[in-house]
Amino acid sequence: MEARFQEILNHIKQPKEIRLNNMLDPFFLGADEEEMTADILFCTQEWEWNQRNEIHGGAIASMFDTAMGVCAAAFQGQGSVSTADLQVSFIRPFLSGAFIFSTQITSMGKTLIRATCVAREKQSGKIVATASGTFVPFKK
Ligand SMILES: CCCCCCCCCC(=O)SCCNC(=O)CCNC(=O)[C@H](O)C(C)(C)COP(=O)(O)OP(=O)(O)OC[C@H]1O[C@@H](n2cnc3c(N)ncnc32)[C@H](O)[C@@H]1OP(=O)(O)O
């Protein structure tokens with residue numbers, strides 16, 4: 001399973017051009033295949049700041065999209081996915097540092113893959129945001 005995650009992360013970070021997934025720089029920490037859970041780390045960067053030097057909500061939503069999308073693709077086993085919907089709750093501001101995004105695939109359906117994700121500040125373990133998302137295997 002680790003090899004599958006690394007393959008997907010290398011694939012989405014591989015292009016030389018400036019792309020959002022390259023810039024967010026997700027780092028795989030670990031996964032449990034039976035439980036369909038995985039942890040992905042993001043280290044905050046200055047370009048993600050808003051006007052108060054917090055991480056912009058759009059960047060946080062992108063981290064959730066990438067974390068859950070990578071998990072959906074990895075546990076699905078082959079190919080890629082598209083995001084059908086994404087809901088985010090911003091609980092505490094993301095200040096500088098590292099954040100662990102823990103995804104749970106809650107349903108691996110015939111057409112839809114449903115996921116939830118909890119983001120915690122690495123240093124304190126405090127929950128800073130939660131999200132849910134729906135993903136569809138990419139058919140093109
Ligand atoms: C000029 C206009 C420009 C407009 C365009 C720019 C748009 C930019 C949009 C953004 O990107 S904003 C960034 C994304 N959103 C967040 O980071 C919001 C994070 N969530 C919160 O701060 C609160 O949940 C929220 C204000 C939305 C709701 O208030 P609550 O009453 O539910 O929470 P509360 O005020 O009790 O704060 C929750 C926790 O956050 C902590 N907190 C809040 N602000 C903090 C802060 N600044 N620094 C450190 N901790 C902070 C607060 O201490 C508390 O910790 P504890 O539970 O441990 O006590």
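From the set of residues in the stretch 78-107 that are open to solvent by 70 Å² or more (accessible area, probe 1.4 Å) and in a strand (DSSP E or B), which is farthest from the ligand (Cβ to nearest atom)?
Keep residues of the stretch 78-107 that are open to solvent by 70 Å² or more (accessible area, probe 1.4 Å), which gives 78, 85, 87, 90-93, 95-96, 106.
With the extra rule that they be in a strand (DSSP E or B), the set shrinks to 85, 87, 90, 106.
Details: ASP85: 19, GLN87: 14, PHE90: 4, THR106: 24 Å.
Restricting to residues being open to solvent by 70 Å² or more (accessible area, probe 1.4 Å) and in a strand (DSSP E or B), the top hit is THR106.
When the stretch 14-44 is filtered for residues that are part of a loop (DSSP other than H, G, I, E, B) and either farther than 23 Å from MET1 by Cα or not hydrophobic (A, V, I, L, M, F, W, C) (or both), the ones remaining, listed by number, are GLN14, PRO15, LYS16, GLU17, ILE18, ARG19, ASP25, PRO26, GLU33, GLU34, GLU35, THR44.
Can you name the residue in the stretch 117-127 that is surrounded by fewer than 20 Cβ atoms within 10 Å (Cβ to Cβ) and touching a residue at least 24 places away in the same chain (Cβ under 8 Å) and is also nearest to the ligand (Cβ to nearest atom) among such residues?
The first filter runs over the stretch 117-127 and keeps only residues surrounded by fewer than 20 Cβ atoms within 10 Å (Cβ to Cβ), leaving 118, 120-127.
From what's left, touching a residue at least 24 places away in the same chain (Cβ under 8 Å): 121-123, 126-127.
Numbers: GLU121: 10, LYS122: 16, GLN123: 13, LYS126: 7, ILE127: 9 Å.
Top of the filtered list is LYS126.
Among the residues of the stretch 54-67, some residue qualifies, meaning at least one is surrounded by 13 or more Cβ atoms within 10 Å (Cβ to Cβ), more than 16 Å from the ligand (Cβ to nearest atom) and at negative phi. Looking at the structure I just gave you, is THR111 in contact (Cβ under 8 Å) with a residue 40 or more places away in the chain and either assigned to a loop (DSSP other than H, G, I, E, B) or under 21 Å from PHE135 (Cβ atoms) (or both)? In short, no. Checking each residue in the stretch 33-53 for being away from the ligand (no atom under 15 Å from the Cβ) and either among the polar types (S, T, N, Q) or without any contact (Cβ under 8 Å) to a residue 12 or more places away in the chain (or both) picks out GLU34, THR37.
As for the stretch 1-17, it holds no residue that is within 14 Å of the chain's Cα centre (by Cα), modelled with pLDDT of 95 or more, closer than 16 Å to THR83 by Cβ and surrounded by 17 or more Cβ atoms within 10 Å (Cβ to Cβ).
Look at ILE55 and say whether it is among the β-branched types (Val, Ile, Thr) and touching an Asp or Glu at 6+ places or on another chain (Cβ under 8 Å). So ILE55 fits the description; yes.
The values are calculated or read from the model by the stated rules, or taken from the named source; none is laboratory data. These numbers come from a predicted model, not from an experiment. All Cβ positions, glycine included, derive from the backbone under ideal geometry; neighbour counts span all protein chains shown. Heads up: the accessible areas ignore ligands, DNA and RNA and are worked out on the full protein's heavy atoms, side chains in. Shrake-Rupley method; radii C 1.70, N 1.55, O 1.52, S 1.80 Å.
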